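The values are calculated or read from the model by the stated rules, or taken from the named source; none is laboratory data. On a predicted model such as this, the values are computed, not experimentally measured, just so you know. Don't worry about glycine lacking a Cβ; one is built from the backbone with ideal geometry, like all the others, and counts go over all protein chains shown. For the accessible areas, the whole protein counts, side chains as well, though only heavy atoms, and no ligand, DNA or RNA atoms are used. Shrake-Rupley method; radii C 1.70, N 1.55, O 1.52, S 1.80 Å.
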Amino acid sequence: MRWPVSLIVGAAFSVVFAALALISFLWTPYDVDVLSIPDRMQAPSGAHWLGTDHLGRDIASMLMVGARTSIAVAIAAVGIGMGVGVPLGLWAAARRGGLLDEVIMRGNDLIFAFPSILIAILITALAGPSVWNAILAIGIFNIPVFARLSRGAALSLWSREFIMAARVAGKGAVHISAEHILPNIANLLIVQGTIQFSVGILVEAALSYVGLGAQPPLPSWGRMLADAQTLISIAPHMALFPGLAIVICVLGLNLMGDGLRDLFDPKLKQGRV
Amino acid sequence: MRAPRSGDQVLIYLGRRFVSLCLTLVVASILIFGIIEVLPGDPAAFMLGINAQPEAVEALRDQLGLNQSLIARYFDWVGGLLIGDFGQSYTYRVPVAELIGDRIWVSLPLALYALVLSTAIAFPIGILAALRRGGVADYGVMGLTQLGIAIPNFWFAMFLVLIFAIQWRIFPAGGFVGWEDPVAGLMGLTLPAIALALPQASILARIMRSALIETLDEDYIRTARAKGQSRRGVIWHHALRNAMIPVLTIIGLQFSFLLAGAIIIENVFYLPGLGRLLFQAITQRDLIVVEGAVMLLVFSVVVVTFAVDMAYALVDPRLRR
């Protein structure tokens with residue numbers, strides 16, 4: 001079997017970021033909690049590879065620790081989306097055409113009417129800004145994505161012979177959904193999970209940038225960009241590197257998603273979006 | 001028994017969609033009201049400051065209608081919304097409708113400007129990639145759009161400001177002068193609109209490409225070619241027209257992304273739009289403004305989605321089922 005190039009490149013990018021985040025627990029070039037005003041806004045050099053920020057903190061170290069925030073938020077948000085959305089979608093498919101199906105799907109439409117930034121704004125109004133806020137907002141936004149996907153995929157499976165056989169054998173809807181349908185839609189869910197992961201990283205950065213997500217002193221790529229904004233003409237490197245980190249990480253995840261899709265279903269390759 | 005005419009079917013379909021639109025709006029209004037109203041923090045106490053007398057706070061609560069039951073307040077609010085009365089801002093002491101009305105003239109043109117830009121960029125490059133499938137142009141477009149999707153628009157916006165406003169001084173770096181001078185107004189919205197349009201154009205170009213590739217593979221395209229129609233004629237008359245269906249959906253969906261995205265981008269450019277109003281209102285606990293603005297945004301998302309559905313039913317008879 002030939003592995004798609006996009007999968008190899010994308011996975012490599014993603015693994016590098018995951019590794020940097022993990023290493024940051026044990027070691028970073030500098031301590032991100034220590035401010036050193038005399039060293040502030042230094043351009044990249046041998047001592048500070050990516051320069052320092054307005055408080056003299058090492059940007060490379062900040063990016064490593066910030067990767068943790070981004071990855072943790074995105075994983076938790078995908079977890080919420082899958083954990084709630086997939087059972088709902090499977091349930092709706094098992095009761096297709098019924099009242100429950102209708103209620104679940106209209107509920108999805110309702111969530112779709114709230115862009116994630118609006119959910120985040122409402123939660124912030126309710127509970128104040130925090131990183132949990134970002135997780136919840138992105139997670140809620142992910143629910144209808146997974147519910148629709150799993151409902152659609154499950155619907156086409158319910159008319160297949162092997163499901164009929166299971167029904168004839170007397171298995172209930174929950175049993176069939178868990179044992180026969182879920183394994184057959186797992187590929188789709190993994191691909192979508194990768195894509196929602198990258199969306200989560202972008203949205204977390206945006207929420208933290210406007211102050212609705214991660215709060216100082218927790219380093220986050222979005223917050224670093226917010227700090228860099230007013231200083232961009234004096235210290236453009238402060239804005240350049242966190243942005244590049246987001247781009248490379250998101251690009252890697254998207255390439256990985258494309259690659260996984262090609263791997264699971266080569267027929268889709270031509271018309272892929 | 002006569003079969004229902006297709007006109008009836010369209011009406012039934014639109015009727016059902018309309019009912020679901022109204023239901024969505026009602027539930028959304030209950031949700032928004034519920035979330036905001038159970039919030040800790042008394043707007044009356046906030047308005048009067050920490051040294052206020054309890055009697056004064058109580059009097060103001062009465063005046064603001066905060067002492068009525070939750071249900072009465074909900075119906076007051078919704079009843080007001082229906083006639084365009086969004087209530088009175090707690091901090092600005094002016095009607096919320098007035099506040100929102102001022103700000104919408106920044107946010108809405110910005111979202112529309114971005115939508116036009118996104119479409120104008122996406123169509124040609126998407127079509128080019130589809131027609132040159134597998135070629136250099138196709139790989140170039142696919143690579144660039146992959147990058148465009150990954151770039152956070154607010155980060156892109158910062159560098160647009162650095163290059164086009166600070167270095168070259170072609171566009172203003174931020175702020176908005178109003179529409180008295182339409183050219184200056186448009187100049188002020190150009191960089192934000194470009195930043196907003198970038199990821200959307202990338203997504204749209206990829207949808208355009210895949211939709212066109214799919215239709216070009218259809219049998220009727222081969223038939224049209226076999227009948228002697230030119231390649232160009234087939235692309236214009238048959239392929240593009242049919243490829244537009246998925247493309248139109250995405251354009252409809254993008255409008256809501258652009259409105260929401262405008263909330264973030266307004267922060268980069270210090271634009272006095274709905275987004276900045278929302279953030280100010282949240283920090284000042286001016287909850288009635290938050291309620292009104294969020295409801296309006298949700299309303300526009302739902303209505304645009306409905307309009308796209310309606311356009312479909314008219315274009316594609318298969319969807320009227």
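Could you work out the equivalent-ellipsoid semi-axes for region A:1-85, taking the square root of 5 times each eigenvalue of the Cα gyration tensor, largest first, in whole Å?
Three semi-axes, in Å: 31, 18, 10.
Please tell me the relative contact order of chain B in percent, rounded to the nearest whole number, where contacts are Cα pairs under 8 Å and at least six residues apart.
Relative contact order, chain B: 27 percent.
Can you give the accessible area of A:HIS54 in Å² (nearest 10), computed on protein heavy atoms with a 1.4 Å probe?
Solvent-accessible area, nearest 10 Å²: 50 Å².
Give, as a single signed number, the net charge of other residues whose beta carbon lies under 11 Å from the beta carbon of A:LEU63, with Lys and Arg counted +1 and Asp and Glu -1.
Counting the neighbours of A:LEU63, the net charge comes to 0.
Could you give the angle, 0 to 90 degrees to the nearest 10, between helix A:236-264's Cα long axis and the longest principal axis of the Cα atoms of chain A?
Taking Cα atoms only, the helix is inclined about 20 degrees.
What is the dipole size for chain A, taken about its Cα centre, with +1 at each Lys and Arg Cβ and -1 at each Asp and Glu Cβ, in debye to the nearest 20?
Dipole about the Cα centre, nearest 20: 940 debye.
Which percent of the Cα-Cα distances in region B:96-283 go past 27 Å?
Percentage above 27 Å: 38.
Decide, for region B:6-82, between rounded, prolate and oblate: order the square roots of the alpha carbon gyration tensor eigenvalues as a ≥ b ≥ c, take rounded if a/c falls under 1.5, and otherwise choose prolate if a/b is larger than b/c, else oblate.
Cα axes put region B:6-82 in the prolate bin.
Run the dipole for region B:230-321 about the Cα centre, Lys and Arg Cβ at +1, Asp and Glu Cβ at -1, nothing else charged, and hand back the magnitude in debye, nearest 20.
Its charge dipole is roughly 580 debye.
Which value, in debye to the nearest 20, gives the size of the charge dipole of chain B about its Cα centre, when Lys and Arg are +1 and Asp and Glu are -1 at the Cβ?
With Lys and Arg at +1 and Asp and Glu at -1, about 1920 debye.
In deg cm²/dmol and to the nearest 500, what is the mean residue ellipticity at 222 nm of chain A if only DSSP H runs of at least 4 residues count, each as -39500 (n - 2.57), divided by the residue total?
Mean residue ellipticity at 222 nm (helix-derived): -24000 deg cm²/dmol.
How much of A:SER24 can a 1.4 Å solvent probe reach, expressed as accessible area in Å² and rounded to 10?
10
Using only Cα atoms and rounding to the nearest 10 degrees, what angle (0 to 90) does helix A:131-158 make with the longest principal axis of chain A?
30
Using a Gaussian network model of chain B with C-alpha springs under 10 Å, which one of B:THR190, B:THR119, B:THR283 is most mobile by mean-square fluctuation?
Comparing B:THR190, B:THR119, B:THR283 in a Gaussian network model of chain B, the most mobile one is B:THR283.
Please say if the protein assembly as shown is rounded, prolate or oblate, where rounded means a/c under 1.5 for a ≥ b ≥ c the square roots of the C-alpha gyration tensor eigenvalues, and otherwise the choice is prolate for a/b larger than b/c and oblate otherwise?
Rounded, because the longest to shortest axis ratio a/c is under 1.5.
To the nearest 10 degrees, how steeply does helix A:116-127 sit against the main Cα axis of chain A, on a 0 to 90 scale?
Taking Cα atoms only, the helix is inclined about 70 degrees.
Gaussian network model of chain B, Cα springs within a sub-10 Å range: biggest mean-square fluctuation belongs to which of B:PRO272, B:PRO182, B:PRO109?
Evaluated over chain B, the most mobile residue of the options is B:PRO182.
Name the most mobile residue of B:ILE221, B:ILE50, B:ILE166, meaning the one with the largest mean-square fluctuation, in a Gaussian network model of chain B with Cα contacts below 10 Å.
Highest fluctuation among the options: B:ILE50.
For region B:197-297, run through the trypsin sites (Lys or Arg not before Pro) and keep only the ones in DSSP coil with at most 15 other Cβ atoms within 10 Å of their Cβ.
Counting only loop positions with at most 15 other Cβ atoms within 10 Å, the trypsin sites (Lys or Arg not before Pro) in region B:197-297 are B:LYS227.
Just going by the charge dipole of chain A, with Lys and Arg at +1 and Asp and Glu at -1 on Cβ, which of A:LEU7, A:GLN196, A:LEU263 is farthest out on the positive end?
With unit charges placed on the Cβ atoms, the residue in question is A:LEU263.
Mean Kyte-Doolittle hydropathy of 0.5 or higher plus an axial Cα length of 27 Å or more: which whole DSSP H helices in chain B meet both?
The answer, listed by residue number, is B:6-37, B:96-131, B:182-216, B:240-269, B:287-315.
Quick check: net charge around B:ARG276, other residues with Cβ under 14 Å of its Cβ, Lys/Arg +1 and Asp/Glu -1?
-2
Using +1 at the C-beta of Lys and Arg and -1 at the C-beta of Asp and Glu, which of A:VAL65, A:ILE185, A:LEU55 has the Cα lying farthest in the positive direction of the dipole of the protein assembly as shown?
A:ILE185
Hey, any idea what % of region B:96-283's accessible area is carbon plus sulfur with a 1.4 Å probe?
For region B:96-283, the apolar C and S fraction of the accessible surface comes to 66 percent.
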